[in-house]
Amino acid sequence: MAGLAASFGSGAMTNSFAEFDQAKLLLVIGSNTTEAHPVAGAFIKRAVQKGAQLIVVDPRFTGIAEHAQTFVPIKVGSDVAFLNGLMHVIIKENLQDQAYVDAHTTGFNELKAKVAEYTPKKAAKIAGISEELLVRVARQVASVKPAMLIYTLGITEHTCGVNNVRSCANLQMLLGNVGYDCGGVNPLRGQNNVQGACDMGALPNVYPGYQKVEDKAARAKFEEAWGVKLPKKNGLMMPQMFEGMADGSIKALWVFGENLANTEPDIRHVEHCLESVEFLICNDIFPTETTRFADVIFPAAAWSEDDGTFSNSERRVQRVRKAVEPPGEAKPNWWIFREVAARLGKEWKSKSGQEIWDKEVSKLAPALGGIKYSRLENDGLQWPCPDTKHSGTTCLHKDGCFTCGMGNFQALDWTPPAEVPDKKYPLVLSTGRRLYHYHTRTQTGRCGGLNDLLGQETADISLADAALLGVADGDLVRVSSRRGQVVVKAKVTPQVPQGMVWMAFHFREGNANWLTNPVYDPISLTAEYKACAVKVEKA
Amino acid sequence: MAKPTLTLNGKVVEFEPGQTILQVAQAVGVEIPTLCYLKDATPTGACRICLVEVKGARTLVASCAMPAGNGMEIQTDSQAVHTSRRLNIELLLASGSHNCLTCEKNGDCKLQALAYRYGITDIRFAGQTQQYPKDESNPLIVRDFSRCILCGRCVQACNDLQVNRAIGYGYRGAASKIVTTGDRPYQESDCVFCGQCVEACPVGALTEKKAVGLARSWETKQVRTTCPYCGVGCQMWLHVKDGRVVKVTAVEDAQPNRGMLCVKGRFGYDFIHSPERLTTPLIKGEDGQHHPATWDQALDFVAKRLKEIKKKHGADAIAGVSCARSINEDSYNMQKLFRGVIGTNNIDHCART
């Protein structure tokens with residue numbers, strides 16, 4: 001989010017899912033679309049079926065790669081070098097949209113000078129591909145206008161995540177592809193309401209609607225609306241909260257609906273933090289590995305037991321409806337926060353999801369001003385939607401008129417992952433999600449049938465490494481990193497290139513996060529889930 | 001340039017070049033019954049239910065597959081059309097085991113509805129000999145080929161809509177059957193269990209295994225909602241009976257998913273009814289165990305502890321992690337509590353990328 005906001009002035013997906021199967025060329029980078037976003041993947045496949053060109057850039061030969069005319073198997077964490085290499089070729093062969101660049105962007109000369117250093121030879125070497133392939137991809141993306149770029153966590157979950165995102169933005173601005181239907185830079189959100197949680201200001205530096213905490217006028221606005229004095233300085237991001245728990249400066253933590261003990265890198269360290277904090281509160285629908293540490297657990301109403309809204313990747317605010325009653329004494333989460341506020345001396349007026357949205361959220365966040373429950377009955381509305389006559393926005397930065405005025409190029413250097421393979425830990429571990437489960441299986445693990453389709457974690461390794469290790473498909477292997485080790489079954493698969501191990505974090509046993517490296521992008525503080533060094537032995 | 005026209009049941013109507021006769025009829029509100037037609041997929045013309053009479057044509061034509069032509073004269077409900085449709089429905093009914101009493105699709109079956117509409121009470125043709133055992137070998141989808149009418153909608157849904165290419169037509173003649181590669185069970189094939197084939201099946205040949213026996217179609221209330229898993233935000237119907245969600249289907253023609261769902265969206269709903277749900281507030285006792293408490297006890301205790309910690313260490317010693325899965329209104333209230341009541345901006349959530 002931070003990356004796109006810096007480049008374009010808005011940190012959201014620029015275009016819409018409705019355009020996916022209309023696009024003429026799609027560049028999919030760091031996205032295992034068919035497993036992580038299957039319906040979005042279906043639209044991409046439909047585009048190919050109708051004749052669109054598809055380029056897939058990924059270390060693994062994923063399901064979506066099977067549909068691509070061009071598959072580019074770059075090395076884990078080489079994205080900036082690869083994208084700089086593409087831009088080098090594009091500028092050298094004068095394939096950029098110079099009129100667009102001149103009219104709508106700043107920083108082109110610095111970008112040009114920087115990417116001049118990334119010759120095809122250099123970029124291809126870092127990316128582990130042939131020069132010929134790099135040049136061909138550069139010409140191919142420049143050959144169709146507009147071309148659509150789609151990325152997911154393969155771009156962001158790196159210590160250089162923000163730089164990866166900004167490089168994607170650089171490429172699309174260079175080609176004049178931002179601000180048009182079937183173009184743009186399109187991050188697919190991993191969770192149903194990541195966009196919404198950001199929009200609502202569940203971030204330490206912004207109020208709802210991305211109004212900055214450090215901006216005096218914004219603060220005054222919320223002080224007046226809420227009838228309170230508000231703190232002036234930005235709060236802590238999650239990894240900083242963990243540091244605070246470890247060093248004792250954070251005394252109380254409230255965890256709402258997250259199973260941090262399985263999802264964060266380096267489980268041992270995370271559990272140490274959760275154990276150390278003086279007072280831990282959890283809202284959840286199930287007992288989890290995280291609620292074990294809680295001093296108080298509030299039983300929450302689940303999806304389908306409460307009325308509210310989600311905001312999807314394409315900024316569409318959609319209704320979520322109550323269909324059944326919550327079990328026992330479980331209550332909506334908004335009610336729990338409201339009750340605690342009341343006990344701390346603040347009585348809040350809004351008594352339902354609709355009242356919270358209509359009377360507070362949509363009044364306080366300008367981009368959501370025209371979105372009211374009464375307008376969300378069917379397909380919802382895409383923000384920005386500033387007033388109740390506005391029909392929503394499918395494509396941001398229309399015709400290159402960026403939210404921030406001019407689009408900002410940023411000249412960037414490639415940096416390797418924080419931990420790279422060495423003699424002791426010779427393989428790269430990359431992690432993600434598989435089709436049949438969702439995150440820590442708190443929910444999907446309790447759905448009939450899904451455990452039958454995928455019942456345990458595996459370590460996916462290449463045929464070449466399997467042969468070197470003397471491991472056959474289904475053999476138990478021990479995967480270890482500097483932080484921990486797990487014993488899991490090996491899945492020997494042509495999807496994975498030599499030198500890589502790929503795992504997920506769905507199961508407590510064999511969870512990849514016993515191994516992952518708790519190092520973060522310096523701006524977004526997103527963890528480097530996609531790269532750490534491991535070794536694999538026959539167990 | 002003037003738009004091309006054709007005559008539909010005696011009325012002149014305009015159309016867009018490239019539209020099929022069916023699309024032209026739908027656009028002007030003339031109903032033509034269909035069975036195998038699947039929106040957004042290549043038409044197959046397999047079932048012969050949408051037949052219409054086109055003046056000068058050698059035979060009746062399948063309106064779903066026939067492009068509209070300038071000057072065409074079309075009858076959608078002539079005697080010839082009616083007789084032919086009736087015969088085709090009879091043949092479909094005779095082609096398998098269409099016993100409605102215990103069929104999951106009873107009340108929601110396109111073939112049943114057509115038989116009712118065309119008043120078919122007796123079937124003049126002897127039944128097929130080809131019988132198939134029910135395939136219940138996978139955990140999510142029941143395949144009962146004795147109810148299959150070979151309309152091919154499942155094949156279109158798999159290949160044209162989801163583009164998973166897991167099923168197609170196999171064998172020949174009376175032995176024709178919908179198959180995976182090598183006619184293997186779903187779980188040994190390329191199938192990814194999106195269930196789009198089930199959604200597309202107009203009869204009871206493909207049904208949701210988890211919904212078997214839970215509700216007849218007319219007993220459920222349908223509630224539209226948004227999928228709780230990934231960031232696509234698919235629109236779905238929850239089929240609810242007696243306070244339980246018994247089935248999930250996609251909302252047709254809705255943005256952003258246009259009638260599609262994936263395996264998690266379609267089959268990942270029953271966690272809400274798990275007996276392991278938390279049903280009462282819990283407070284950790286001296287013994288390190290969690291003990292049930294009333295809401296007042298738990299809320300009072302939390303408020304008291306937060307006050308104490310704030311007084312002793314300041315508001316910035318308190319931090320919160322919100323949820324990227326729950327509704328906007330929950331996240332809004334949580335950040336409002338932290339900022340406006342506790343007095344700290346230490347509020348974040350898990351996926352800040």
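Computed over the alpha-carbon atoms, segment B:5-77 gives an Rg to Rh ratio of 0.92, Rh here being the Kirkwood radius from the mean inverse distance. Listed from fewest to most Cβ neighbours within 10 Å, the set B:Ile120, A:Ile285 follows the order B:Ile120, A:Ile285.
Distant-in-sequence amide contacts of A:Lys489, defined by a placed amide H-H separation under 5 Å and a gap of 5 or more residues or a different chain, comprise A:Ala459, A:Val477. Modelled label positions at B:Arg165 and A:Asp215, each set 7 Å beyond Cα in the direction of Cβ, lie 4.9 nm from each other.
Computed over segment B:216-277, relative contact order equals 26 percent, with contacts defined as Cα pairs under 8 Å that lie 6+ residues apart. At an R0 of 22 angstrom, the distance between the Cβ atoms of B:Phe125 and B:Leu101 translates into a FRET efficiency of 0.55. Using alpha carbons only, the radius of gyration of segment A:427-538 set against its Kirkwood radius gives Rg/Rh = 0.98. Name all residues of segment B:28-56 having a backbone nitrogen under 14 Å from the label point set 7 Å from the Cα of B:Glu252 along its Cα→Cβ direction, giving them as ranges. Counting backbone N atoms under 14 Å from the label point, the list is B:31-41.
For A:Gln53, the residues whose modelled amide H falls within less than 5 Å of its own, excluding neighbours fewer than 5 places apart on the same chain, are A:Leu25, A:Leu26. Here's the list of lysines a cross-link from A:Lys24 could span, going by alpha-carbon distance under 23 Å and ignoring same-chain residues fewer than 8 apart: A:Lys45, A:Lys50, A:Lys145, A:Lys398, B:Lys39. Oblate is the label for segment B:216-277, because a/c, from the alpha-carbon gyration tensor with a ≥ b ≥ c as root eigenvalues, is 1.5 or above and a/b does not exceed b/c. If you count the DSSP beta bridges with both ends in segment A:194-388, what percent of them are antiparallel, to the nearest 5? Approximately 45 percent, going by the DSSP bridge assignments.
Neighbours of A:Lys145 by Cβ distance under 15 Å: Lys/Arg scored +1, Asp/Glu scored -1, total -2. Note on B:Tyr118 and B:Glu219: the extension gain reaches 33.8 nm, defined as 0.36 nm multiplied by sequence separation minus the Cα-Cα distance. With an a/c value of 1.5 or above and a/b not larger than b/c for the gyration tensor axes a ≥ b ≥ c computed over the alpha-carbon atoms, segment A:316-466 is described as oblate.
Computed over chain B with a Gaussian network model linking Cα atoms closer than 10 Å, the most mobile of B:Val61, B:Val302, B:Val30 is B:Val302. Take every DSSP beta bridge whose two residues both sit in the protein assembly as shown; close to 55 percent of them are antiparallel. Whole-Hz Karplus values for segment A:377-383 come out as 4, 9, 8, x, 9, 9, 7 Hz, taken residue by residue from phi with 6.51 cos²θ - 1.76 cosθ + 1.60 and θ = phi - 60°; glycine and proline positions read x. Pairs A:Lys346/B:Lys241; A:Lys331/B:Lys247; A:Lys221/A:Lys389; A:Lys216/B:Lys307: which are spaced more than 29 Å apart, C-alpha to C-alpha? Going by Cα-Cα distance, A:Lys346/B:Lys241 fall outside the 29 Å limit. If you wrap segment A:111-164 in the convex hull of its Cα atoms and look at it from every side, the mean projected area works out to 4.7 nm². Residue-normalised convex hull volume from the C-alpha trace of segment A:2-188: 100 Å³ per residue.
Taking the fewest neighbouring Cβ atoms within 10 Å as the starting point, the ordered list for B:Lys310, B:Lys304 is B:Lys304, B:Lys310. Under 5 Å between amide hydrogens, which residues at least 5 positions from A:Cys532 or on another chain qualify, with H placed 1.01 Å from N in the peptide plane? Placed amide hydrogens put A:Leu429 under 5 Å from A:Cys532.
Look at the alpha carbon pairs under 8 Å that are at least 6 residues apart: their mean separation over the length of segment A:194-388 gives a relative contact order of 16 percent.
Zone of A:His390 (label point 7 Å along Cα→Cβ, backbone N under 15 Å): which residues in segment A:356-372? Residues passing the 15 Å test: A:361-372. Label separation (A:Glu243 vs A:Glu355): 4.1 nm, computed from points 7 Å beyond Cα along the C-beta direction. Loop-located GluC sites (Glu not before Pro) in segment B:285-351 (DSSP state other than H, G, I, E, B) with a sparse environment of at most 15 neighbouring Cβ atoms within 10 Å: B:Glu286. For segment B:5-77, averaging the sequence separation of C-alpha pairs within contact (under 8 Å, six or more residues apart) and dividing by the residue count gives a relative contact order of 43 percent. Taking a ≥ b ≥ c as the square roots of the eigenvalues of the Cα gyration tensor, chain A is classed as oblate, since a/c reaches at least 1.5 and a/b does not exceed b/c. Length available on full extension from B:Ser78 to B:Lys3: 0.36 nm per residue minus the Cα-Cα distance, which gives 24.3 nm.
Coordinate-derived values only; no laboratory data. A quick note: this is a predicted structure, and the numbers were derived from the prediction, not measured. Neighbour counts run over all protein chains shown; Cβ positions are idealised from the backbone, glycine included.
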